[in-house]
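Just below is one structure, and these are the notes that go with it.
The values are calculated or read from the model by the stated rules, or taken from the named source; none is laboratory data. All values reported here derive from a predicted model rather than from experimental measurement. Cβ: placed from backbone, ideal geometry, glycine included. Neighbour counts: every protein chain shown. With ligands, DNA and RNA removed, areas are computed over all heavy atoms of the protein, side chains included. Shrake-Rupley method; radii C 1.70, N 1.55, O 1.52, S 1.80 Å.
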Amino acid sequence: MTEQLTPPTGYQLSHAVGTTFTLDLATALSVPLSFASHHVAADDDTIGILDAVRRVADKMDIFAQAGEISMGAASDLVALLEESVHPVHVNHGLFHPKVWFLEYAAGDHRAYRFLCASRNLTEDHSWDTLVRLDGTFDRGVTHAENAPLADLLEALPRLVVNPLPAERAAALRAFADRLRAVSWELPSNAHALRFHALGIPGADVPDFQGKRALIISPFATEDGLRLLRSDVRTATHLLSRATTLDALPAEAIDEKLSTYVLDEAAIGDDLDPVRLNGLHAKVVIVDRRDGSHVFLGSANATRAAWHSNVEVMVEITGPRSTFGVEATLDALGDLKEEYITEGGVEESEEERAKRRLESMLRDVAAAHFTVRVLPGAPHSLRVWADAGLAATVERASREGISLRWHLLTRADLGATLFAPDEDAAPTVTGVPLTDITPFICMIARDAAGNDRRTIVLAALLDDVPSRKDAIVARQLTDRASFLRLLTLMLELSGNIFNSGENSGAAQFAFGAASGDSDGSGVFEALVRALGKGHQGLDEVRRIIDFVRENDDGRNLLPDGFDVLWSNVWRAYTSLNGARR
């Protein structure tokens, strides 16, 4: 999905707001690459990723269900996402939408894109759906059909566990106002478009009245099917997972319901890098006289999805020959196969234990956690939660579930104590500067030895100002990586110094490059940035100062660089003063 985030030609990202149920922080690190892919040589290029994340951190907000945040491959760079990630807790259900609101800028021009998917922001590769809509800004016009989307954007700051900074909340409200004036291009052959943002004030369940229906959903319950089918006059086709169909009560499977699963040939396993490994798409199609209404997005065929959760579905109306039930069944072809079941299979104890632990962790993650950095080096951290967590901890104890936590950066630094205030808070000691983090890993384990874990994001008090500079500096392994980061930060070239330490130093010395470079060296890059009054020079100076003071024998600064930088900075401050 991330390739759909790439700005139109000539545009740059202005603001991106994503929502997801489950969030893998390692996957989230790949999102900025989509916004700045022209700066990055490869997806596994640490310096390129670092620059891409740094570049969009204040323009990107990702909202995810509290208790459903995880970390795939460990990375220091996740620290750069601390201000962009916002855990959400909804009292009446789950936060489950998977959408992106995107605004791009080219001078005074604005372009908009809305993505509505069934896929979470994780590495999962299942059969999913994605709707992409591109739009333009109609100044002075309010498009009433956009109200559900704008209302959801406005509601997000009220749903977060940790209050948003005032400027981020204001930016979301302003984005929502602009969104109301966006005119969307209709998908090919469609003649109407509607949005449904469920679970926020004013939201209504869509009308599913029609002649026949097709439901595609990995999860389905009896009450959910009753809701979706009650106004369908003839046949309903349901494509789901075998375990879901088997678990339906027998009375939910009647003569008007045809059930299917994905064909085995269409499903790989978790280790298969090519084939998709399961069904995760959520689609409802209803045939009516005015055409077929196709609902795509995040809602499963459960009553909770349509009545309790926060979900987003796009409703597209078009001719039955293209969008209808039979047309879609024909398009699925051999990907589906009929699945006959009598239902009534009870859930396994393993599944019940998994759901119980996940629910417990969502309740734990709904609490407001705080981390305070204490004076001294190596550092010490004090960790506590709000008083509301006490009831959850007591319930866990009654249910035989043990809870513990540790720093995301250090599995050996944690505790089993969840203090309700700072006075009773445990202190972890011996924390290096780069291991200070507001990300806390929570583990819940039951008496049978089943365990689940999640990551909460705490408020970080008394943070060390140079912490993120230290994390950036830790990625610099040699002079070439230092010089490459320098040029990326100045937005002048992404791939000048790519042939080792010696070549980097030589290119610096003579201000020339070779091979695939654009012909400029770091001397030229600095001078060009100077000429443009590049504000990035302030950030460059901070990194240079940190590297100079904490080089640790790596000799990252090329010979003679100090003299060059000293002259550049003197000229910059002089010109900047003159410009002011």
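Structural remarks
- Residues in region 327-356 that are within 18 Å of Phe219 (Cβ to Cβ) and of a type outside the set (Gly, Ala, Ser): Lys336, Tyr339, Thr341, Val345, Glu346, Glu347, Glu350, Glu351, Arg352, Lys354, Arg355, Arg356.
- Residues of region 219-246 satisfying the condition of being among the hydroxyl-bearing types (Ser, Thr, Tyr), closer than 19 Å to Gly278 by Cβ and open to solvent by less than 20 Å² (accessible area, probe 1.4 Å): Ser240, Thr244
- Sub-7 Å Cβ pairs linking a first residue in region 337-352 that is touching a residue at least 60 places away in the same chain (Cβ under 8 Å) and surrounded by 10 or more Cβ atoms within 10 Å (Cβ to Cβ) to a second residue that is outside any helix (DSSP H, G or I) and acidic (Asp, Glu), at least 6 apart or interchain, are Glu337/Asp263, ordered by first then second residue.
- Residue check, Phe137 surrounded by fewer than 19 Cβ atoms within 10 Å (Cβ to Cβ), farther than 20 Å from Arg362 by Cα and in contact with a helix residue (DSSP H, G or I) (Cβ under 8 Å, 6 or more places away or on another chain): yes
- Residue within region 158-180 that is touching a helix residue (DSSP H, G or I) at 6+ places or on another chain (Cβ under 6 Å), open to solvent by less than 40 Å² (accessible area, probe 1.4 Å) and under 25 Å from Ser321 (Cβ atoms) present: no
- Filter result for Ala105 (surrounded by fewer than 19 Cβ atoms within 10 Å (Cβ to Cβ) and part of a loop (DSSP other than H, G, I, E, B)): no
- Residue that is farthest from the chain's Cα centre (by Cα) [pool: residues in region 14-50 that are within 25 Å of Ala111 (Cα to Cα) and at pLDDT 95 or above]: Ser14
- Every condition in (1) modelled with pLDDT of 95 or more; (2) within 29 Å of the chain's Cα centre (by Cα); (3) surrounded by fewer than 19 Cβ atoms within 10 Å (Cβ to Cβ) is met by Thr477 except one, and the failing one is (1).
- When region 246-262 is filtered for residues that are in contact with a Gly (Cβ under 6 Å, 6 or more places away or on another chain) and not in a loop (DSSP other than H, G, I, E, B), only Ala250 remains.
To keep it simple, each residue is scored yes or no on (1) at pLDDT 85 or above; (2) in contact with a Gly (Cβ under 6 Å, 6 or more places away or on another chain); (3) open to solvent by 70 Å² or more (accessible area, probe 1.4 Å); (4) assigned to a helix (DSSP H, G or I).
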| position | (1), (2), (3), (4) |
| --- | --- |
| Ile471 | yes, no, no, yes |
| Leu488 | no, yes, no, yes |
| Glu491 | no, no, yes, no |
| Asn495 | no, no, no, no |
| Gly533 | no, no, no, no |
| Asp552 | no, no, yes, no |
| Leu557 | yes, no, no, no |
| Tyr572 | no, no, no, yes |
| Gly577 | no, no, no, yes |
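- The listed residue being open to solvent by less than 10 Å² (accessible area, probe 1.4 Å), closer than 16 Å to Thr19 by Cβ, of a type in the set (A, V, I, L, M, F, W, C) and more than 17 Å from the chain's Cα centre (by Cα), out of Val99, Val85, Val90: Val90
- Per-region count, region 280-311, residues assigned to a strand (DSSP E or B) and touching a helix residue (DSSP H, G or I) at 6+ places or on another chain (Cβ under 7 Å): 8
- Test result for Arg288, open to solvent by less than 60 Å² (accessible area, probe 1.4 Å), over 30 Å from Asn91 (Cβ atoms), of a type outside the set (A, V, I, L, M, F, W, C) and in contact with a Gly (Cβ under 6 Å, 6 or more places away or on another chain): yes
- Residues being in a strand (DSSP E or B) and within 23 Å of Phe63 (Cβ to Cβ) - total across region 445-460: 8
- Where a residue in region 390-419 is assigned to a loop (DSSP other than H, G, I, E, B) and its partner, wherever it lies, is hydroxyl-bearing (Ser, Thr, Tyr) and open to solvent by less than 50 Å² (accessible area, probe 1.4 Å), with Cβ under 9 Å and at least six apart: Leu408/Thr437; Thr409/Thr434; Thr409/Thr437; Phe418/Thr392
- Screening Pro319 on (1) surrounded by fewer than 22 Cβ atoms within 10 Å (Cβ to Cβ); (2) within 19 Å of Cys116 (Cα to Cα) shows it passes everything except condition (2).
- Those helices (runs of 4 or more DSSP H) of region 1-91 in which at least 1 residues are among the charged types (D, E, K, R) and within 27 Å of Thr370 (Cα to Cα), considering only elements entirely within it, cover 46-56.
- Pair list, Cβ < 7 Å and 6+ apart or interchain, from region 150-174 residues that are under 26 Å from Arg139 (Cβ atoms) and of a type outside the set (Ser, Thr, Tyr) to residues that are modelled with pLDDT under 95 and exposed (fewer than 13 other Cβ atoms within 10 Å of the Cβ): Asp151/Gly202
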